[in-house]
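Here's the structure, in structure tokens; my notes come after.
The values are calculated or read from the model by the stated rules, or taken from the named source; none is laboratory data. Everything quoted here is computed from the prediction, not taken from an experiment. When we count neighbours, we look across all protein chains shown, and the Cβ atoms used for this are built from the backbone with ideal geometry, even at glycine.
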Amino acid sequence: MPPSGLLAGKTAVITGGTTGIGRAIALAFLAQGCSVAVNHLGLSRDQPHLDSLVSEASELLKTNPSAGRLAHLPGDVRDPETGTRLVAFALEQFSTGRLDVCVSNAGICTFAEFLDLDAHLFANTVRTNLDGAFYVVQAAARQMARGQTPPGGSIIGISSISALVGGGGQTHYTPTKAGVLSLMQSTAVALGRYSIRCNALLPGTIKTQLNEADLDDDAKRTYMETRIPLGRTGEPRDLAGPAIFLASDELSGYVTGAQLLVDGGLFVNLQ
């Protein structure tokens with residue numbers, strides 16, 4: 001039987017939590033007893049994803065009474081106040097004075113040729129992926145450091161294998177993911193005195209809404225699978241276990257400033 005109760009009684013916030021990696025982490029946290037407030041943009045086209053997440057969380061609670069509760073709040077992470085509102089919302093919804101985990105996951109990725117890349121796409125990518133991560137992490141850290149006794153918590157930044165390698169069609173994207181990794185390293189130094197651990201997860205090729213069209217190309221997908229030692233592209237749920245590990249004080253209480261690749265071995269397959 002898989003372990004259970006690893007995050008019992010904890011409270012977490014997750015940005016971009018209704019689809020892809022954020023959704024998988026949210027559901028895994030709930031199953032481990034952690035109450036989770038997810039952020040989303042509140043777009044009408046995303047409503048089916050939100051509805052199905054709420055339904056899954058409800059069913060999980062029926063079958064597992066020790067599961068955590070789900071709450072959700074719309075907001076754009078590009079707005080510096082979104083993180084502050086999300087943290088306050090989580091504390092209110094779950095009637096707690098403590099935030100234990102923050103997962104900064106919200107991000108965008110639109111492939112574009114460098115020579116043709118317009119300023120708006122570059123600015124929007126940076127504002128969402130890097131500025132948004134900074135604001136949310138700062139809001140969570142303020143609560144963890146100054147708003148609760150004893151201080152402490154776990155902050156997880158969803159970076160990417162793209163932080164470590166180049167991408168010809170991702171010249172606007174890879175720097176933001178390198179920035180998230182650097183943000184986790186620097187906040188680990190800045191916040192260690194408050195017992196706040198900050199770590200980065202670096203997904204490899206994971207099939208989500210961001211790259212679904214790209215991986216629907218059979219030739220591209222087959223090529224990627226030949227480059228991955230484990231022989232397959234990843235799924236969002238592949239990030240759930242590593243996120244639980246980094247969120248758990250018992251499992252990773254002395255881990256901070258670290259980067260954990262979850263890529264099926266892609267990065268090390270040089271030959």
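Against the conditions (1) within 19 Å of residue 133 (Cβ to Cβ); (2) without any contact (Cβ under 8 Å) to a residue 24 or more places away in the chain, where does residue 260 fall short? Just the number, please.
(2)
Quick check: is even one residue across segment 7-29 surrounded by fewer than 16 Cβ atoms within 10 Å (Cβ to Cβ) and either free of Cβ contacts under 8 Å to residues at least 24 places away in the same chain or in a loop (DSSP other than H, G, I, E, B) (or both)? Before the answer, list the steps.
Here is the first cut: in segment 7-29, the ones surrounded by fewer than 16 Cβ atoms within 10 Å (Cβ to Cβ) are 8-9.
If we keep only those that are either free of Cβ contacts under 8 Å to residues at least 24 places away in the same chain or in a loop (DSSP other than H, G, I, E, B) (or both) as well, we get 8-9.
Within segment 7-29, one or more residues are surrounded by fewer than 16 Cβ atoms within 10 Å (Cβ to Cβ) and either free of Cβ contacts under 8 Å to residues at least 24 places away in the same chain or in a loop (DSSP other than H, G, I, E, B) (or both).
Only one of 251, 191 is in contact with a Cys (Cβ under 9 Å, 6 or more places away or on another chain) and touching a residue at least 12 places away in the same chain (Cβ under 8 Å); which? Lay out the reasoning, then the answer.
Values: 251 fails: in contact with a Cys (Cβ under 9 Å, 6 or more places away or on another chain).
Selected residue: 191, the only one of 251, 191 that is in contact with a Cys (Cβ under 9 Å, 6 or more places away or on another chain) and touching a residue at least 12 places away in the same chain (Cβ under 8 Å).
Find all pairs meeting these conditions: Cβ atoms under 9 angstrom apart; at least six residues apart or on different chains; first residue within segment 112-123 and surrounded by 11 or more Cβ atoms within 10 Å (Cβ to Cβ); second residue part of a helix (DSSP H, G or I) and at pLDDT below 95.
As it stands, the answer is none, since no pair meets every condition given.
Would you pick out the residues in segment 139-153 that are surrounded by 19 or more Cβ atoms within 10 Å (Cβ to Cβ) and under 15 Å from residue 86 (Cα atoms)? It would help to see each step written out before you state the result.
Restricting attention to segment 139-153, the residues satisfying the condition of being surrounded by 19 or more Cβ atoms within 10 Å (Cβ to Cβ) are 139-141, 143-144, 153.
Answer for segment 139-153, where residues must be surrounded by 19 or more Cβ atoms within 10 Å (Cβ to Cβ) and under 15 Å from residue 86 (Cα atoms): 139, 140, 141, 143, 144.
Filter segment 42-53 down to residues that are of a type outside the set (D, E, K, R) and surrounded by 15 or more Cβ atoms within 10 Å (Cβ to Cβ) and give me whichever is farthest from residue 92 (Cα to Cα). Before you say what the answer is, go through the steps one by one.
Taking segment 42-53 first, the residues of a type outside the set (D, E, K, R) are 42-44, 47-50, 52-53.
When the remaining residues are screened for being surrounded by 15 or more Cβ atoms within 10 Å (Cβ to Cβ), the result is 49-50, 53.
On the way: 49: 24, 50: 20, 53: 21 Å.
The extreme case among them is 49.
Hey, does segment 119-142 have a residue that's farther than 21 Å from residue 22 by Cβ, small (Gly, Ala, Ser) and part of a loop (DSSP other than H, G, I, E, B)?
Taking segment 119-142 first, the residues farther than 21 Å from residue 22 by Cβ are 119-123, 142.
Then drop every residue that is not small (Gly, Ala, Ser), which leaves 119, 123.
If we keep only those that are part of a loop (DSSP other than H, G, I, E, B) too, we end up with none.
Scanning segment 119-142, I find no residue that is farther than 21 Å from residue 22 by Cβ, small (Gly, Ala, Ser) and part of a loop (DSSP other than H, G, I, E, B), so the answer is no.
Within segment 37-46, can one find any residue that is assigned to a helix (DSSP H, G or I) and in contact (Cβ under 8 Å) with a residue 24 or more places away in the chain? First the steps, then the outcome.
First, pick out the residues of segment 37-46 that are assigned to a helix (DSSP H, G or I): 44-46.
Those still in the list that are in contact (Cβ under 8 Å) with a residue 24 or more places away in the chain too: 46.
Yes, some residue in segment 37-46 is assigned to a helix (DSSP H, G or I) and in contact (Cβ under 8 Å) with a residue 24 or more places away in the chain.
Out of (1) out of contact with any Cys (no Cβ under 9 Å at 6 or more places or on another chain); (2) surrounded by 14 or more Cβ atoms within 10 Å (Cβ to Cβ); (3) small (Gly, Ala, Ser); (4) at negative phi, what's the single condition that is false for residue 83?
Among (1) out of contact with any Cys (no Cβ under 9 Å at 6 or more places or on another chain); (2) surrounded by 14 or more Cβ atoms within 10 Å (Cβ to Cβ); (3) small (Gly, Ala, Ser); (4) at negative phi, the lone unmet condition for residue 83 is (1).
For segment 71-106, which residues satisfy the criterion of being among the hydrophobic types (A, V, I, L, M, F, W, C) and more than 16 Å from residue 42 (Cβ to Cβ)?
Restricting attention to segment 71-106, the residues satisfying the condition of being among the hydrophobic types (A, V, I, L, M, F, W, C) are 71, 73, 77, 86-91, 94, 99, 101-103, 106.
Across segment 71-106, the qualifying residues are 87, 88, 90, 91, 94, 99, 101, 102, 103.
Does residue 96 satisfy the criteria of being in a helix (DSSP H, G or I), more than 16 Å from the chain's Cα centre (by Cα), touching a residue at least 40 places away in the same chain (Cβ under 8 Å) and closer than 25 Å to residue 198 by Cβ? Step through it out loud before you land on a result.
Values: in a helix (DSSP H, G or I): no; more than 16 Å from the chain's Cα centre (by Cα): yes; touching a residue at least 40 places away in the same chain (Cβ under 8 Å): yes; closer than 25 Å to residue 198 by Cβ: yes.
Against the criterion (in a helix (DSSP H, G or I), more than 16 Å from the chain's Cα centre (by Cα), touching a residue at least 40 places away in the same chain (Cβ under 8 Å) and closer than 25 Å to residue 198 by Cβ), residue 96 does not qualify.
For residue 258, indicate whether it is among the hydrophobic types (A, V, I, L, M, F, W, C), touching a helix residue (DSSP H, G or I) at 6+ places or on another chain (Cβ under 6 Å), at pLDDT 95 or above and surrounded by 13 or more Cβ atoms within 10 Å (Cβ to Cβ).
On the way: among the hydrophobic types (A, V, I, L, M, F, W, C): yes; touching a helix residue (DSSP H, G or I) at 6+ places or on another chain (Cβ under 6 Å): no; at pLDDT 95 or above: yes; surrounded by 13 or more Cβ atoms within 10 Å (Cβ to Cβ): yes.
The answer is no for residue 258.
Tell me, yes or no, whether segment 178-196 has at least one residue that is in contact with a Ser or Thr (Cβ under 8 Å, 6 or more places away or on another chain) and buried (at least 24 other Cβ atoms within 10 Å of the Cβ). First the steps, then the outcome.
We begin by selecting, within segment 178-196, every residue in contact with a Ser or Thr (Cβ under 8 Å, 6 or more places away or on another chain); these are 178, 180-181, 184, 188, 192, 196.
From what is left, the residues that are buried (at least 24 other Cβ atoms within 10 Å of the Cβ) are 180, 184.
Yes, segment 178-196 contains at least one residue that is in contact with a Ser or Thr (Cβ under 8 Å, 6 or more places away or on another chain) and buried (at least 24 other Cβ atoms within 10 Å of the Cβ).
Would you confirm, using the coordinates I've provided, whether residue 237 is modelled with pLDDT of 95 or more, within 15 Å of the chain's Cα centre (by Cα) and at negative phi? Before you say what the answer is, go through the steps one by one.
On the way: modelled with pLDDT of 95 or more: yes; within 15 Å of the chain's Cα centre (by Cα): yes; at negative phi: yes.
Answer is yes for this residue.
Among the numbered criteria (1) surrounded by 23 or more Cβ atoms within 10 Å (Cβ to Cβ); (2) free of Cβ contacts under 8 Å to residues at least 12 places away in the same chain, which one does residue 63 miss?
Condition not satisfied by residue 63: (1).
Have a look at 90, 71 and point out the one that is under 14 Å from residue 12 (Cβ atoms) and buried (at least 23 other Cβ atoms within 10 Å of the Cβ). Before you say what the answer is, go through the steps one by one.
On the way: 71 fails: buried (at least 23 other Cβ atoms within 10 Å of the Cβ).
Unique residue meeting the criteria: 90.
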